[in-house]
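These notes concern the structure reproduced below.
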Amino acid sequence: MDVTWLRSAALGVGVIAHGARIVAVRTPDREGRWADVALGMADEDAYRRDRAYLGACVGRYANRIAGGTFTLDGREHRIPLNEPATALHGGPGGFDAVLWKREDPRDASVTLRRTSPEGENGFPGTVEVAVTYAVEGAELRIEHEARTDAPTVINMTNHAYWNLAGAGSVEDHEVQLTASRFLPVDEHLIPSGPPAAVAGTPFDLRAPVRIGARLREGHPQLQATRGYDHTYVIDGEPGTDGLRHAARVVEPRTGRTLELRTDQPGVQFYTGNMLDGSLVLRDGTAARQGDAFCLEPQAFPDSPNRPDFPSTVLRPGDVYRSRSVLRFGTTG
């Protein structure tokens, strides 16, 4: 597998051109023992068969569009469905499934680019897209950029699956999200209304909570998604760098930590509910629900059909950008 490695004294990140994917993230625990904390597979053939978006750059539209349809400037656009009632992560054959052009890495960073042609998966406009991964110290920086020649919608994110222990269950990981509201969803995982308060619900993660502590509660939203698979609305004002703190996760046994800052309005917290054992990881084990979690900074699901949500429309002459920083560390 042709992997580009980005390295610092505290971090090693592997990237491939298929799907502009992160295939490995190596970092030490509190005792200095290194492990891979991102789920990955053995070879590119496995990634070509992957339907779980492991480590991929997803788009044109991350998350779901209801019915695979939206109207922009009076014209209806239809995206092929890859779920019974939704287009997920850009529909079948999205950004995760294609080969990107990888530029020569510089100073522990690499940029991957592609042209998404007019009408690709039903989306309007020819869009030039790029994703840059950069390692600096204990931080992994991810930047997405896009330009279009016609009005379109865009929402890109990275879909890495994390396990800070390096293997086993993530249910003992402690998660904290800087969000007092989340987006409830219907049976198709489409937002069913405006943001709702997390207070008094299993979705209140403003203080650290074991991931497994509430998974089996009988809350209708947890039943609808078989775990956490919801967009959290990030609180607070951006810092001087334009980013807001969104999440912190601690793995108590190894002491490894992961913190996320982003300029996006939401973060999708997902507990791998659709991992069913059919996906075989690089060590030969089968990935199952509870083996990993995702933190996906992004715009809100179905925004093209929701004028009350922040707009995801990109017009000629404008530039779409999204920036996120993942900082790895350890507790004392």
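The values are calculated or read from the model by the stated rules, or taken from the named source; none is laboratory data. Because the structure is a prediction, the values reported are computed rather than measured. Cβ sites come from the backbone with ideal geometry, for glycine too, and all protein chains shown count toward neighbours. For accessibility, only protein heavy atoms count, side chains too; no ligands or nucleic acids. Shrake-Rupley method; radii C 1.70, N 1.55, O 1.52, S 1.80 Å.
Check the stretch 5-18 and report whether any residue there is among the charged types (D, E, K, R), free of Cβ contacts under 8 Å to residues at least 60 places away in the same chain and open to solvent by 60 Å² or more (accessible area, probe 1.4 Å).
Within the stretch 5-18 (the criterion being among the charged types (D, E, K, R), free of Cβ contacts under 8 Å to residues at least 60 places away in the same chain and open to solvent by 60 Å² or more (accessible area, probe 1.4 Å)), the answer is no, since none of the residues qualifies.
Please work out which one of (1) under 29 Å from residue 291 (Cα atoms); (2) in contact with a Ser or Thr (Cβ under 9 Å, 6 or more places away or on another chain); (3) not β-branched (Val, Ile, Thr) is the condition residue 118 fails and give its number.
Among (1) under 29 Å from residue 291 (Cα atoms); (2) in contact with a Ser or Thr (Cβ under 9 Å, 6 or more places away or on another chain); (3) not β-branched (Val, Ile, Thr), the lone unmet condition for residue 118 is (1).
Among the candidates 150, 179, 167, 146, which residue alone is part of a loop (DSSP other than H, G, I, E, B) and under 24 Å from residue 127 (Cβ atoms)?
150
Being within 22 Å of residue 273 (Cβ to Cβ) and in contact with a Gly (Cβ under 7 Å, 6 or more places away or on another chain) is true for just one of 39, 81, 88. Which residue is that?
The unique qualifying residue is 81.
Residues of the stretch 52-68 being touching a residue at least 24 places away in the same chain (Cβ under 8 Å) and surrounded by fewer than 20 Cβ atoms within 10 Å (Cβ to Cβ), which ones?
Within the stretch 52-68, just 66 meets the criteria.
Considering each residue of the stretch 258-290, count those that are open to solvent by less than 40 Å² (accessible area, probe 1.4 Å), touching a residue at least 60 places away in the same chain (Cβ under 8 Å) and under 29 Å from residue 184 (Cβ atoms), and give that number.
Looking only at that region, the number is 14.
Across the stretch 291-315, which residue is surrounded by the fewest Cβ atoms within 10 Å (Cβ to Cβ) among those that are farther than 23 Å from residue 81 by Cα and out of contact with any Ser or Thr (no Cβ under 6 Å at 6 or more places or on another chain)?
Ranking the candidates gives 308 first.
Quick one: how many residues across the stretch 111-129 are open to solvent by less than 70 Å² (accessible area, probe 1.4 Å) and either among the acidic types (Asp, Glu) or modelled with pLDDT under 95 (or both)?
1
Within the stretch 235-253, restricting attention to residues that are open to solvent by 10 Å² or more (accessible area, probe 1.4 Å) and among the β-branched types (Val, Ile, Thr), which residue is modelled with the lowest pLDDT?
Residue satisfying both the conditions and the ranking: 240.
Just one of (1) of a type outside the set (A, V, I, L, M, F, W, C); (2) more than 30 Å from residue 28 (Cβ to Cβ); (3) in a strand (DSSP E or B) trips up residue 232, so point out which.
Condition (2) is where residue 232 drops out.
Among (1) of a type outside the set (Val, Ile, Thr); (2) within 14 Å of residue 235 (Cα to Cα); (3) part of a loop (DSSP other than H, G, I, E, B); (4) touching a strand residue (DSSP E or B) at 6+ places or on another chain (Cβ under 7 Å), where does residue 188 come up short?
(2)
If you check every pair at least six apart or on different chains, which have Cβ atoms under 6 Å apart with a residue in the stretch 167-187 that is open to solvent by less than 60 Å² (accessible area, probe 1.4 Å) first and a residue that is among the aromatic types (Phe, Trp, Tyr) second?
Pairs found: 170/293; 177/232; 179/232; 182/203; 182/232.
Among the candidates 217, 143, which residue alone is at pLDDT 95 or above and surrounded by fewer than 22 Cβ atoms within 10 Å (Cβ to Cβ)?
Testing whether each residue is at pLDDT 95 or above and surrounded by fewer than 22 Cβ atoms within 10 Å (Cβ to Cβ) leaves just 143.
Looking at 90, 94, which one is in contact with a helix residue (DSSP H, G or I) (Cβ under 9 Å, 6 or more places away or on another chain), under 17 Å from residue 300 (Cα atoms), crowded, with 24+ Cβ neighbours inside 10 Å and without any contact (Cβ under 8 Å) to a residue 60 or more places away in the chain?
90
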